[in-house]
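Notes follow the structure.
The values are calculated or read from the model by the stated rules, or taken from the named source; none is laboratory data. Please read all numbers here as calculations on a predicted model, not as lab measurements. Using ideal geometry, Cβ is built from the backbone for each residue, glycine included, and neighbour counts are taken over all protein chains shown. For the accessible areas, the whole protein counts, side chains as well, though only heavy atoms, and no ligand, DNA or RNA atoms are used. Shrake-Rupley method; radii C 1.70, N 1.55, O 1.52, S 1.80 Å.
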Amino acid sequence: MTGILYPALIMGGLGLIFGALLAFASEKFSVKVDPRQAEVRAILPGANCGACGFPGCDAFAEAVIEGTTEVSGCTAATSEVIEEIAAIIGVEANTEGPKVAFLKCKGSTDKTVENCKYEGVMDCRQAAIIPGKGPTACSYGCLGLGTCAEVCPFDAICIENGLAIIDVEKCVGCGICVEQCPRDVLMLVPESAKVQVACNSPLKGPDVKKACSVGCIGCTICVKACPVQAIEMVDSLAVIDSSKCINCGICALKCPVKCISDMRDKNLIAKTSKAPSA
Amino acid sequence: MMSLLALFISAIFVNNIILSRFLGCCPFLGVSSKLETAKGMGIAVIFVTVMASLMTWSAYEFILVPLGLEYLYTLSFILIIAALVQFVEIVLKKLQPGLYKSLGIFLPLITTNCAVLGVAVLNMNEKYSLLQSLVHALGASLGFLLAIILMAGIRERIETNQNIPKCMRGLPIALITAGLMSIAFMGFIGIIK
């Protein structure tokens, strides 16, 4: 009888003591967690992408409650979510408008001159280290090895014909791909800025032409065509100032090499192209 | 003194807890894909193993042995370690938020880690004194840190290697790596007589 009783008592006693100890500790050492933190955490995207600069969504939620960061610090959240968070903690949301990633390159494999058959590690960061221009003859364009697609936590990028294709529906503008791209050919643009120059090469026209048929040749036609002077030339590359651009699409229409992307609604584009551009 | 040093060195290299005793393989493969997290895990294991050794040794010597209940060691050790880890987590969260942030996420993972239990059971089986137990625990957990950091370093490098056949990428190559590391560690046999 004692052979059963003692072990049972000992183990039961140990369990009881530890249970009591833990109960006491959790009471005595309890850390007050703001209930709003859990609420904020619950509506955040939860991908722990780290684009906010904090180790994860939990840390961001904590920082938001403490007031050490802006509510709009989460680049992955839609503006509705940001407003919801702002409502929870009772401050005005400072929404800048969502951003999306944009690829400043249109040089798919059929549009560019092949430079070599790349057979190294299929990772842009590795390929960019190797001397030479990479798979295509343009040393500024998209390498198309898919590092951005790999690092995207939202599965918004795929590679087609040696170009990164961004699904703007899925893209939340966290900027991780922009950070990882060794060629800096990706950038974050406001989602509302629908007209963008899709070329990253600052080279002069003839040099661009040698490598790619859709690269910006620096002809300045777009600069002259723009009704609001939103385009300027940086070296031999047209750059659109999104804060001035009114998304009229005239530059995209006039561009002789068609390197300006017009990402507006298809019907809208048709309308502008029909209207006299004077 | 020399025997303690020998025990310490042998716990790190010769009888490496992962690569020679094959304890704690779960975090070794699970948490070793990034160097930073591997480091955090290793340090958390050192912390918990040493504390758990102290507790389990005391419980065994002062409770189980006097009552002749040595056969209850597995049950009581698990209970003690789980409660200890939980307790430490609660206390750290309150008193050392900084340390909690760096170790906190790994602590629950260690609750049922067999490396921690294994060290406690080995201490008992080898009939170590308290000092020997603590030295052995520190050595074994340092060995764990060493192995997991080596593993993480290797895995970070082979992750982007395209020469690995597709079917072998990820965990299969990690398992092979672990096996090769284990063979390499066999080379330490004989440095301690």
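Taking the mean number of other Cβ atoms within 10 Å as a proxy for protection, how do you rank A:3-10, A:256-263 from highest to lowest?
Details: A:3-10: 12.2, A:256-263: 18.9.
So the peptides A:3-10, A:256-263, ranked by packing, come out A:256-263, A:3-10.
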- Item | Nearest-20 debye value, the protein assembly as shown charge dipole, Cβ charges on Lys, Arg, Asp, Glu | 1220
- Message: Using a 7 Å offset from the Cα along the Cα-to-Cβ direction at both A:VAL151 and A:ASN48, what is the distance between the two label points in nm, to one decimal?
- Response: 1.9
- Note on the structure: Filtering trypsin sites (Lys or Arg not before Pro) in the range B:33-115 by DSSP loop and by at most 15 other Cβ atoms within 10 Å leaves B:LYS34
- Taking every residue of A:131-144, the Cβ atoms of other protein chains inside 10 Å of its Cβ average out to 0
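Please identify the GluC sites (Glu not before Pro) of the range B:99-180 that satisfy two criteria: DSSP loop assignment and at most 15 other Cβ atoms within 10 Å. Which are they? Walk me through the numbers before you get to the answer.
Numbers: sites: B:GLU126, B:GLU156, B:GLU159; in loops: B:GLU126, B:GLU159.
Those satisfying the criteria are B:GLU126, B:GLU159.
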- Query: Would you list B:LEU4, B:LEU138 from the most to the least accessible area, probe 1.4 Å?
  - Reply: B:LEU138, B:LEU4
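Could you give the dipole magnitude of the range A:36-89 about its Cα centre, charging the beta-carbon of Lys and Arg +1 and that of Asp and Glu -1, in debye to the nearest 20?
Values: 2 positive and 8 negative charges, 22 e Å.
Its charge dipole is roughly 100 debye.
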- Query: For the peptides B:162-171, A:153-162, what is the packing order when you average, over each peptide's residues, the other Cβ atoms within 10 Å and list the highest mean first?
  - Reply: A:153-162, B:162-171
- Message: Given axes a ≥ b ≥ c from the Cα gyration tensor, I'd like to know whether the range B:85-188 is rounded (a/c under 1.5), prolate (a/b larger than b/c) or oblate.
- Response: oblate
- Item | Separation in nanometres of the label points that stand 7 Å from Cα toward Cβ, at A:THR68 and A:ALA128 | 3.0
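Calculated FRET efficiency, B:ASN161 and A:ALA225, Cβ-Cβ r, R0 51 Å, to nearest 0.05?
Numbers: r = 49 Å, r/R0 = 0.97.
About 0.55, to the nearest 0.05.
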- Structure shown: which of A:LYS106/A:LYS224; A:LYS99/A:LYS244; B:LYS39/B:LYS166 lie over 25 Å apart, alpha-carbon to alpha-carbon? B:LYS39/B:LYS166
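Given a Förster distance of 25 angstrom, what is the FRET efficiency for B:ALA6 paired with B:SER182, based on the Cβ-Cβ distance and rounded to 0.05? Intermediate values should be presented prior to the final figure.
On the way: r = 22 Å, r/R0 = 0.87.
Efficiency computed from Cβ-Cβ geometry: 0.70.
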- Message: Quick one: 3J(HN,Hα) in Hz for the range A:33-41, Karplus 6.51/-1.76/1.60 with θ = phi - 60°, rounded, Gly and Pro as x.
- Response: 9, 4, x, 5, 4, 5, 5, 4, 4
- Shape call for the range A:36-89, from the Cα gyration tensor axes a ≥ b ≥ c (a/c under 1.5 means rounded, otherwise prolate when a/b beats b/c, else oblate), comes out rounded
- Note on the structure: Note, the range B:8-19: 3J(HN,Hα) by Karplus (6.51, -1.76, 1.60, θ = phi - 60°), whole Hz, Gly/Pro = x, goes 4, 5, 5, 5, 6, 9, 5, 9, 3, 4, 8, 7
- Item | Furthest towards positive pole of dipole, A:ASN48, A:ALA38, A:PHE60, structure part the range A:36-89, Cβ charges | A:ASN48
- How much length is gained if the chain between A:LYS32 and A:THR109 is pulled fully straight, taking 0.36 nm per residue apart and subtracting their Cα-Cα distance, in nm to one decimal? 22.0 nm
- Given +1 on the Cβ of Lys and Arg, -1 on the Cβ of Asp and Glu, and no further charges, what dipole in debye does chain A carry about its Cα centre, rounded to the nearest 20? 1340
- Item | Average partner coverage of B:89-98, which counts Cβ from other chains inside 10 Å | 3
- Query: Given H placed on each backbone N at 1.01 Å, which residues far from A:ILE159 in sequence or on other chains put an amide H within less than 5 Å of it?
  - Reply: A:ILE165
- Can you list the HN-Hα couplings for the range A:130-138, worked out from phi with the Karplus curve (6.51, -1.76, 1.60; θ = phi - 60°), rounded to whole Hz and with x for Gly and Pro? 5, x, x, 9, x, x, 10, 6, 9
- Note on the structure: Spelling it out for A:ALA198: with amide H atoms placed in the peptide plane at 1.01 Å from N, the residues 5 or more places away or on another chain with amide H under 5 Å from its amide H are A:ILE260, A:SER261
- Item | Cut-off under 5 Å, modelled amide H: who pairs with A:THR136 long-range | A:ASN115
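Just checking the output field for A:1-8: average partner chain Cβ neighbours within 10 Å of each residue's Cβ?
Working: counts 0, 0, 2, 0, 0, 4, 8, 0.
Average neighbour count from other chains, rounded to a whole number: 2.
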- Using a 10 Å cut-off on Cβ atoms, rank the peptides A:227-233, A:83-89, A:143-149 from the highest mean neighbour count down. A:143-149, A:83-89, A:227-233
